[in-house]
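The values are calculated or read from the model by the stated rules, or taken from the named source; none is laboratory data. Predicted model only: the values in this text are computed from it and were never measured. We place every Cβ from the backbone using ideal geometry, glycine too, and count neighbours over all the protein chains shown.
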Amino acid sequence: MSAALMRLAKEAHRRAFMAIGRGVLAAIDDSQTAQSLQLTLLDGETADEIERFQNYGFTSVPFAGAEAVMVAVGGLRSHGIVVAVEDRRYRLTGLPDGEVALYDDQGQVVHLTRTGIVINSAQKVTVSSAAEVDVTAPSVVITSNNVQVGAAGGKKIVLDGDSVVAGKVVSSATKAFAT
């Protein structure tokens, strides 16, 4: 094999070897249309301004210390893209086969279970803007100490078990109101 061919083969081998790497997220810039990451790679190598690809319809801003998979396009480390970011510190574990969940570091979860959808949050859950909200179900259960339909400070509404005499509510829930 000629020396020139050997050099080409070595270069191709090096590029293939360096094409995929693992790194740790050091910094993130989420101000542009595509996130730009700084990663710490092999032996403390730093890769700057690495574009992060995310699936359409899903986005996140991971914390420093999360792990990333970087692909060096054409085997060139100077042209890297991040195709996955994982943060073991917060990942949910133990889900049954086929289940899916969205989660964050605060323990907030939207969990698509085998029997339904479960939302857990210690924070407020808000539908911030909708032209209309339809709920179609054979049963709707609201368990709360304070239900306000319409707005705060409305008129009291009759609940099952309230006393009604001659068509007038004489005792009603103190925490259920409607406008």
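List of remarks:
- For segment 44-66, taking the residues that are touching a Leu at 6+ places or on another chain (Cβ under 7 Å) and either in contact (Cβ under 8 Å) with a residue 60 or more places away in the chain or farther than 17 Å from HIS79 by Cα (or both), the one that is surrounded by the most Cβ atoms within 10 Å (Cβ to Cβ) is identified as PRO62.
- Qualifying residue in segment 107-122 (condition: charged (D, E, K, R) and closer than 18 Å to ASP30 by Cα): no
- Verdict on SER36 being surrounded by 12 or more Cβ atoms within 10 Å (Cβ to Cβ), closer than 12 Å to GLY80 by Cα and among the polar types (S, T, N, Q): yes
Yes/no per residue for (1) part of a loop (DSSP other than H, G, I, E, B); (2) of a type in the set (Lys, Arg):
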site	(1), (2)
LYS10	no, yes
ALA16	no, no
GLY21	no, no
GLU51	no, no
PHE58	yes, no
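- Selected residue (criterion: surrounded by the most Cβ atoms within 10 Å (Cβ to Cβ)) from residues of segment 1-22 that are among the basic types (Lys, Arg) and farther than 16 Å from ALA64 by Cβ: ARG15
- Condition met for VAL110 (farther than 30 Å from HIS13 by Cβ, touching a strand residue (DSSP E or B) at 6+ places or on another chain (Cβ under 6 Å) and either surrounded by 11 or more Cβ atoms within 10 Å (Cβ to Cβ) or among the basic types (Lys, Arg) (or both)): yes
- Residue pairs whose Cβ atoms lie under 8 Å apart, sitting 6 or more positions apart in sequence or on different chains, and linking a residue in segment 6-26 that is on the phi < 0 side of the Ramachandran plot and in contact (Cβ under 8 Å) with a residue 40 or more places away in the chain to a partner that is surrounded by 11 or more Cβ atoms within 10 Å (Cβ to Cβ) and aromatic (Phe, Trp, Tyr), are LEU25/PHE63.
- A single member of LEU41, LEU25, LEU102 is surrounded by 13 or more Cβ atoms within 10 Å (Cβ to Cβ) and in the same structural domain as VAL118 (by TED's automatic domain parsing), and it is LEU102.
- Qualifying positions in segment 156-169 - of a type in the set (A, V, I, L, M) and either at pLDDT below 70 or under 21 Å from VAL141 (Cβ atoms) (or both): ILE157, VAL158, LEU159, VAL169
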